[in-house]
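The values are calculated or read from the model by the stated rules, or taken from the named source; none is laboratory data. From a predicted model like this one, the values you see are computed outputs, not experimental measurements. Cβ placement follows ideal geometry from the backbone for every residue including glycine, while neighbour counts extend to all protein chains displayed. All accessible areas refer to the heavy atoms of the entire protein, side chains included, with ligands and DNA or RNA removed. Shrake-Rupley method; radii C 1.70, N 1.55, O 1.52, S 1.80 Å.
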Amino acid sequence: MPRIGSQYLLQPIINNCLGPKLARPSSFPLPLSPSGSGSYPPGGERLILLLRTHPSSPIRPIASAASLPPPPTPNEVHIKVTMDRLADAAHLMIVSDLDHTMVDHHDPENMSLLRFNALWEANYRDNSLLVFSTGRSPTLYKELRKEKPMLTPDITIMSVGTEITYGNAMVPDDGWVEFLNQKWDRKIVTEETSKFPELTLQSHTEQRPHKVSFYVQKDKAQDVIKALAARLEERGLDVKIIYSGGMDLDILPQGAGKGQALAYLLKKFKAEGKSPNNTLVCGDSGNDAELFSIPEVYGVMVSNAQEELLQWHAANAKDNSKIIHATERCAAGIIQAIGHFNLGPSVSPRDVTDLSDSKLEDFDPAYEVVKFNLFFERWRRAEVEKSELYLANMKAVCCPSGVLVHPSGIEKLLGDCVNAFRTCYGDQQGKSYRVWVDQVLPTQVGSDSWLVKYKKWELSGEKQKGCLTTVLLSSKGVSVPEGLTWVHVHQTWLDGAGPTDDSSWFF
């Protein structure tokens, strides 16, 4: 059985399952083998392009190295990959704070976050951009990702707008760093703040190259800010002092902050001719206020927004109809804003009781993946009836000869995997068990076939486990209401996210 992946040809699998009529997609050439040797599985073919000039064409001298632009740095290459993920402008760019905005720390089931996750992956991931803008340092941001069922953003703004990173690898934006270095001297900031006994230094993880952070009591904050700003100005620094959460005081370069970081990103997208069609900013505290100051963006203050942000809004933006104070908490408020401003679909698949009652007008591979995994969660939590009809429907969307390559490396028929569902019905009933998918990215590889890559995660109690999944889906011989056919599934454990017992991973 040929493996599903970038190194192997998909066509034999499609033909084996669905018959010989499906033409090999000409736009899906076979790349080199992983070793780079050029060897291919049986039946594989190399695609070779031979380029030559006309025999009579004159030979032109090669430009000298000095006249050529410098090669891009590795960071610039990674950033361009993120910026170029979408061929056209993003349909929607969401820029959201994390703590008490996207993430509700008073929701032990993480339901509002999971509702947003399903909505985003089913309807937006493929044509939109997700940006997290947090006051957390990279260390605390990564800790939060381990604790909560969070999606992977395209861009991460951290440390109150002083750090911008791109993609899964969180590659830093060197241009932003150079910009922030202007009129900034961290040593002088440290010297002057040491003269204020009212300031208590935050943990070392929160001290960053362009951010110095303290705690200060609410009743002393304004006097400290006024005196400290004067001293730093006398020392020749141009800084910004941000007070938020009723206790956090951050000192940044004047050009830093969540708002300036967003303005910088929007300028980069504009230069590429890819300004997002719509941008929605989301926040709950004082350090989010700058986000709402960016012209032309939509904004939502979640229902649990703090007094400092509401006061800012009353003084600066109360007549701005593009900014609302949601009636829903955290991520639920973000979903509410998407619907309020008509920015796109606003019904999460998690809010749909009967997932089989689809109103889709066309085949939607991303929705299919989200729906399948959500049903699996509900089945194990006994939130759907234990019915043979459900299992029959699941078998109907699986190719009879379709194969699952389990993360352990064992191959199983998809039909046998569905049969095994009988043994796990209700085994997570009453438990903190959730399933979600991340970075669902479909690629059409033929007139009626899609290759979908995504990360599948399961949370049981406080333990997360996840795998990288690649699925081949086909619409051959089926109607939209019947759903796409699952032809082949290949799963690989994500680094550090595999369970100690492979048998606990059903699908």
Within the stretch 109-126, does at least one residue satisfy the condition of being without any contact (Cβ under 8 Å) to a residue 40 or more places away in the chain, assigned to a loop (DSSP other than H, G, I, E, B) and not hydrophobic (A, V, I, L, M, F, W, C)?
no
Hey, Pro400 hits all of (1) within 29 Å of Asn127 (Cβ to Cβ); (2) touching a residue at least 60 places away in the same chain (Cβ under 8 Å) but one; which does it fall short on?
(1)
Please count how many residues of the stretch 446-463 are at pLDDT 95 or above, open to solvent by less than 20 Å² (accessible area, probe 1.4 Å) and not charged (D, E, K, R).
4
Can you tell me which residue is nearest to Lys148 (Cα to Cα) among those in the stretch 451-480 that are of a type in the set (A, V, I, L, M) and either in a loop (DSSP other than H, G, I, E, B) or touching a Gly at 6+ places or on another chain (Cβ under 8 Å) (or both)?
Val480
Kindly state which strands (runs of 3 or more DSSP E) lie completely within the stretch 246-323 and contain at least 1 residues that are in the same structural domain as Ser213 (by the TED database).
248-253
Residues of the stretch 476-497 classified as among the polar types (S, T, N, Q) and surrounded by 22 or more Cβ atoms within 10 Å (Cβ to Cβ), total:
1
In the stretch 103-135, the residues that are more than 14 Å from the chain's Cα centre (by Cα) and surrounded by fewer than 21 Cβ atoms within 10 Å (Cβ to Cβ):
His105, His106, Asp107, Pro108, Glu109, Met111, Arg115
Please enumerate the residues belonging to the stretch 346-372 that are part of a loop (DSSP other than H, G, I, E, B), open to solvent by less than 30 Å² (accessible area, probe 1.4 Å) and closer than 23 Å to His91 by Cβ.
Ser348
Any residue at all in the stretch 373-392 that is surrounded by 15 or more Cβ atoms within 10 Å (Cβ to Cβ) and over 30 Å from the mean Cα position of the chain (by Cα)?
yes
What are the residues in the stretch 411-424 that are open to solvent by 60 Å² or more (accessible area, probe 1.4 Å) and touching a residue at least 24 places away in the same chain (Cβ under 8 Å), if any?
Glu411, Arg422
Assess whether Leu343 counts as being open to solvent by less than 20 Å² (accessible area, probe 1.4 Å) and among the aliphatic types (A, V, I, L, M).
yes
